[in-house]
Amino acid sequence: MFRTVLIANRGEVALRIQRACRTLGLRTIAVHSTEDAEAPHVRHADAAFCIGPAPARRSYLDQTAILFATEVSGAEAIHPGYGFLSENAGFARRVEAAGLTFIGPASASIATMGDKIAARNAMREAGISCVPGSDGPLPDEAAAAMELALRIGYPVLIKATAGGGGRGMRVVAGPSDLAPALALTKEEARQAFGNDAVYLEKLLEHPRHVEIQVLADHHGHAVWLGSRDCSLQRRHQKVLEEAPAPGIDEGIIAEMGERCAAACRRTGYRGLGTFEFLVEDGRFYFIEMNTRLQVEHCVTEMITGIDLVQWQIRVAQGEKLDLAQRDIRCTGHAFESRINAEHPGTFAPSPGRVAAWDLPGGPGVRVDTHVSQGSVISRHYDSLIAKLVVHGSTRADTLARLQLALDEMRVGGIATNLDLHRAIVRDPDFVAGGVDIHHLERRLAEGGLR
């Protein structure tokens with residue numbers, strides 16, 4: 001058990017974790033960069049510690065500074081949120097070695113599932129199909145990679161074994177493109193993840209990105225909490241998510257959910273986790289597991305009525321799940337629009353001061369944000385400024401609510417992607433449901449969502 005939690009993050013996710021901690025009667029400790037000294041997550045914490053200057057590598061990614069702040073503050077647990085150090089197995093090991101609780105899975109689980117090859121092998125052993133590809137990291141010899149790519153069949157996708165967040169991925173259309181793409185991806189992976197190992201996967205032509213949310217405790221219990229569709233992506237980055245995934249037979253979803261929960265029990269996984277799949281022609285192919293809280297966890301909370309962050313903390317305290325699979329009920333539909341501070345067309349970040357900030361309201365509308373009028377959006381951090389989440393009884397009803405909420409929302413002083421979201425939710429193919437992961441980029445290329 002622990003009574004004080006240090007939140008090793010910033011922005012809206014830090015506030016989200018603080019709220020969950022308060023409902024459980026826990027104290028919260030904030031860490032912050034010099035630039036975030038007046039941030040909401042700092043003001044609302046029971047205590048706060050500056051851990052470095054604005055660049056993330058010198059503050060929110062400084063493991064030693066965070067651990068020192070934990071020691072000084074007397075916190076017994078660390079919640080990493082998402083991004084930053086949330087899937088860093090080395091950091092989780094240091095937390096464990098210090099006798100503290102890492103609010104997430106064990107470091108060994110993070111290491112296994114963070115290595116895409118190890119994760120694929122673990123899923124195969126659990127009876128979950130994977131996208132056809134290499135069984136291990138590609139050898140350095142280009143000829144061997146060429147032979148494997150021919151066996152898999154072009155087009156192929158080169159992926160970093162330690163990749164994530166859409167980085168360390170490159171599409172190869174044919175043999176002549178393989179060698180230069182391999183060199184570029186390996187260098188990108190080395191710089192981004194400190195590991196240049198890559199592998200090959202078959203590039204599916206029209207897949208959807210579907211996720212299964214799981215929750216497991218220390219006592220061998222695991223449940224799955226419905227599906228999410230995250231197919232609206234640009235450059236492998238999610239733009240808009242919904243739950244449940246539309247147009248997929250509930251029996252198939254239930255079968256995959258049971259397999260995911262069984263895999264958690266089999267491997268001793270604990271905490272929140274997300275199994276990510278590509279779905280094409282009714283078949284599910286595992287691609288990776290995220291061993292942390294997801295940005296899009298909100299849509300699952302809306303359809304299940306379960307506070308995922310609170311349960312993540314309760315599991316870390318050693319509590320048994322009091323949720324049996326038969327108790328999980330998914331009701332209605334939910335969407336989440338990721339509102340970013342970025343320039344339309346170029347998608348370049350748009351830092352600056354927020355001059356106007358009008359949020360939507362009404363039944364079923366939720367906005368998770370750390371921003372208000374007068375806030376300064378920093379160039380040093382992610383451009384996400386708000387998550388607009390809407391819930392309703394049916395997909396059509398919820399989509400109408402989302403259209404209205406997006407029309408009501410106003411942000412001044414900085415550029416945002418609000419107009420893009422307004423166009424997406426009126427796009428006939430998206431309205432019909434079930435678009436693939438390439439849909440948004442195709443429509444942008446056609447100029448149909450400007």
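A quick yes/no check of all residues on (1) within 30 Å of Val5 (Cβ to Cβ); (2) at pLDDT 90 or above; (3) in a helix (DSSP H, G or I):
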residue: Ile110; (1), (2), (3): yes, yes, yes
residue: Ile117; (1), (2), (3): no, no, yes
residue: Ala122; (1), (2), (3): yes, no, yes
residue: Ala143; (1), (2), (3): no, no, yes
residue: Leu148; (1), (2), (3): no, yes, yes
residue: Gly163; (1), (2), (3): yes, no, no
Lone unmet requirement of (1) over 14 Å from Ala216 (Cα atoms); (2) more than 15 Å from the chain's Cα centre (by Cα); (3) assigned to a helix (DSSP H, G or I); (4) in contact (Cβ under 8 Å) with a residue 60 or more places away in the chain for Ala261: (1)
Any hit, segment 307-317, residues being of a type in the set (Gly, Ala, Ser) and touching a residue at least 40 places away in the same chain (Cβ under 8 Å): yes
Residue match in segment 282-296 (condition: out of contact with any Ser or Thr (no Cβ under 8 Å at 6 or more places or on another chain), without any contact (Cβ under 8 Å) to a residue 40 or more places away in the chain and within 16 Å of Ile212 (Cα to Cα)): yes
Listing of strands (runs of 3 or more DSSP E) fully contained in segment 360-447 that carry 1 or more residues being within 20 Å of the chain's Cα centre (by Cα) and more than 22 Å from His209 (Cα to Cα): 365-369, 384-392
Answer from Leu157, Leu178 - the residue that is assigned to a helix (DSSP H, G or I), without any contact (Cβ under 8 Å) to a residue 60 or more places away in the chain and either touching a strand residue (DSSP E or B) at 6+ places or on another chain (Cβ under 6 Å) or within 23 Å of Leu278 (Cα to Cα) (or both): Leu178
Out of Ile252, Ile328, sole residue that is within 19 Å of Asp436 (Cα to Cα), over 20 Å from the mean Cα position of the chain (by Cα) and in contact (Cβ under 8 Å) with a residue 12 or more places away in the chain: Ile252
Scope segment 178-222; condition more than 27 Å from Pro105 (Cα to Cα), over 22 Å from the mean Cα position of the chain (by Cα) and surrounded by fewer than 16 Cβ atoms within 10 Å (Cβ to Cβ); matching residues: Ala179, Pro180, Ala183, Leu184, Glu187, Glu205
Test: residue in segment 339-351 that is part of a strand (DSSP E or B), closer than 24 Å to Ile17 by Cα and in contact (Cβ under 8 Å) with a residue 24 or more places away in the chain: yes
Subset of segment 373-399 that is of a type in the set (S, T, N, Q) and free of Cβ contacts under 8 Å to residues at least 60 places away in the same chain - its residue that is surrounded by the most Cβ atoms within 10 Å (Cβ to Cβ): Ser383
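This table checks each residue for (1) among the β-branched types (Val, Ile, Thr); (2) part of a loop (DSSP other than H, G, I, E, B); (3) more than 19 Å from the chain's Cα centre (by Cα).
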position	(1), (2), (3)
Phe2	no, yes, yes
Val13	yes, no, no
Cys21	no, no, yes
Gly25	no, yes, yes
Ile29	yes, no, yes
Ala48	no, no, yes
Ile51	yes, no, yes
Thr70	yes, no, yes
Phe84	no, yes, no
Count - residues of segment 1-42 that are surrounded by fewer than 22 Cβ atoms within 10 Å (Cβ to Cβ), of a type in the set (D, E, K, R) and over 14 Å from Val309 (Cβ atoms): 4
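The values are calculated or read from the model by the stated rules, or taken from the named source; none is laboratory data. Owing to the predicted nature of the structure, the values given are computational and were not obtained by experimental measurement. For neighbour counting, all protein chains shown are included, and Cβ atoms are generated from backbone atoms with ideal geometry for every residue, glycine included.
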